[in-house]
């Protein structure tokens, strides 16, 4: 079990009172079907000693399996404002501010997750079925966009593997495909055929089962805002951001490698793997370095790390593969 | 230096055309061209409720680049507008627009150099030689330098006919600029295509008006019994053009190429 001691003290990120009752208000929020932001007031409603193990902390003994990747001492997480107002979510428009502007109209409740393909358990399930608040954990991950900018983000969610195992994928399940909601009435960007809608992404099954692959339902201890992919999104921190599909409505286990949206839109620029790799440039720009969003105007670019700094955890997945070919 | 022949029949503030441009129109256009800069500055510092968003570097880079392109297209619009609207004196504003295009291109490059790549010369070099869209943009910047340098009255007089030929580089630069914009776009090329469309209209206009084109089409026209000629547009403009050329020869706008950029 890889458990890491965080190098960023939690208190540096969010006020402690928000921290201690995270599970409480996340579960309260999800149960109540409340909107995107739930402040400390909601947390205070649920008494900490109500019986249920509400307290959740990084260093708590019961948070076994909570991989907290706090990259480096100087890598403080981006602010709520930055994370929620600088988004690529073309379903709401191509501008970085469009998702924050237009995602509010998206109805995320009720939300069903369809499961199909090479698995024993298939069908359509209400999302609540998978949102066991006791299993929620926080992970601070680097987020590297293919456009050569990056952030550090404290996500809340659960391991993808934990979700997928519930469906008992068969031996023929070589890949996992994820699909974003297609609802042009609430997703104005989908009225324009910039990409082939609905958005599709996928992982090889062993990638999907890697402990770093994460299903996200929250941010900064709050319910995930729509513009960040509510109510359920993927985070694959060692891959470029576009792999981390948002607002997922369908998961399918397949034998064939899925035709993922960007790799179909521009096959020479975006591959299926899309691993962060400073040595393989995008055909039109370098991937060797990145700009950290929110750094001061004169802050220098920083070197991009192999697999976004998660090589130790994921490099084995690509042993023997030519990463220039499988970019 | 007033030329009575260019004086408008409707006097404005009792000023001659020459003075009107010098003391009214040019200062106004100058201020208008500074609006994008003022806006970007306000956004950067968050003044008056403007915001540069989360990624200020990208904001500045994009806004400077787009403003430069807008200025470039405005410069190219001067000729058609002055001809179609019969405002030959508009050409007096062209140099300023062109120089503002250069100014914003320099700002765009400065933001890239100082804020985006932080003077990492290795990266700059690899960008310029390996990244086609940056190659295009950088070429456009280089080509603008001789045009800016030769924009003075003295250089115009000194270069004579060659000035007009040199300044036809504007067309090449505009194409490079729009192409640079098009190529950096991740997937949604609608906006660059709008720019390309405007550029095509501006080029198409010049093509239709060019005598060479009609010379090429002449054999076709002879096949038709009633030849139509574009002269109705150009003929009335000629005397005016001759006048302005004389007036402008002294006041420093291209003496030889009123149909130029």
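Values quoted throughout were computed directly from the atomic coordinates according to the rules given, and no laboratory measurement underlies them. This is a predicted model, so every value here is computed, not measured. FYI the Cβ positions are ideal-geometry reconstructions off the backbone, even for glycines, and counts take in every protein chain you see.
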Scanning segment A:213-243 for residues that are in a helix (DSSP H, G or I) and within 11 Å of the chain's Cα centre (by Cα) gives A:228, A:241, A:242, A:243
Residue B:117 vs (1) within 24 Å of residue B:40 (Cβ to Cβ); (2) within 14 Å of chain A (Cβ to nearest Cβ); (3) in contact (Cβ under 8 Å) with a residue 40 or more places away in the chain: all pass except (3)
Here the residues within segment A:303-327 that are without any contact (Cβ under 8 Å) to a residue 40 or more places away in the chain, surrounded by 12 or more Cβ atoms within 10 Å (Cβ to Cβ) and within 26 Å of residue B:183 (Cβ to Cβ) are none
Going through (1) within 15 Å of the chain's Cα centre (by Cα); (2) within 14 Å of chain B (Cβ to nearest Cβ); (3) assigned to a loop (DSSP other than H, G, I, E, B) one by one, residue A:246 fails only at (2)
Those residues of segment A:95-124 which are within 14 Å of chain B (Cβ to nearest Cβ) and touching a helix residue (DSSP H, G or I) at 6+ places or on another chain (Cβ under 7 Å) amount to A:97, A:98, A:99, A:100
Within segment B:167-225, residues being in contact (Cβ under 8 Å) with a residue 12 or more places away in the chain and in a helix (DSSP H, G or I) number 28
If we keep only residues of segment B:60-73 that are surrounded by fewer than 20 Cβ atoms within 10 Å (Cβ to Cβ) and more than 14 Å from every other protein chain (Cβ to nearest Cβ), then the residue nearest to the chain's Cα centre (by Cα) is B:73
- [ ] Report yes if some residue within segment A:246-261 is more than 18 Å from residue A:163 (Cβ to Cβ) and touching a helix residue (DSSP H, G or I) at 6+ places or on another chain (Cβ under 7 Å); otherwise report no.
- [x] no
Of those in segment A:256-272 that are away from every other protein chain (no Cβ under 11 Å) and without any contact (Cβ under 8 Å) to a residue 60 or more places away in the chain, the residue surrounded by the fewest Cβ atoms within 10 Å (Cβ to Cβ) is A:268
Flagged in segment A:273-302 as more than 9 Å from every other protein chain (Cβ to nearest Cβ), in contact (Cβ under 8 Å) with a residue 40 or more places away in the chain and assigned to a loop (DSSP other than H, G, I, E, B), in numbering order, are A:273, A:274, A:276, A:277, A:279, A:280, A:287
Taking segment A:106-133 and keeping residues part of a helix (DSSP H, G or I) and exposed (fewer than 13 other Cβ atoms within 10 Å of the Cβ) leaves A:129
In the set B:38, B:57, B:78, B:111, the lone residue that is away from every other protein chain (no Cβ under 14 Å) and over 30 Å from residue B:209 (Cβ atoms) is B:38
Of the conditions (1) free of Cβ contacts under 8 Å to residues at least 24 places away in the same chain; (2) buried (at least 21 other Cβ atoms within 10 Å of the Cβ); (3) away from every other protein chain (no Cβ under 14 Å), the single one that residue A:253 does not satisfy is (1)
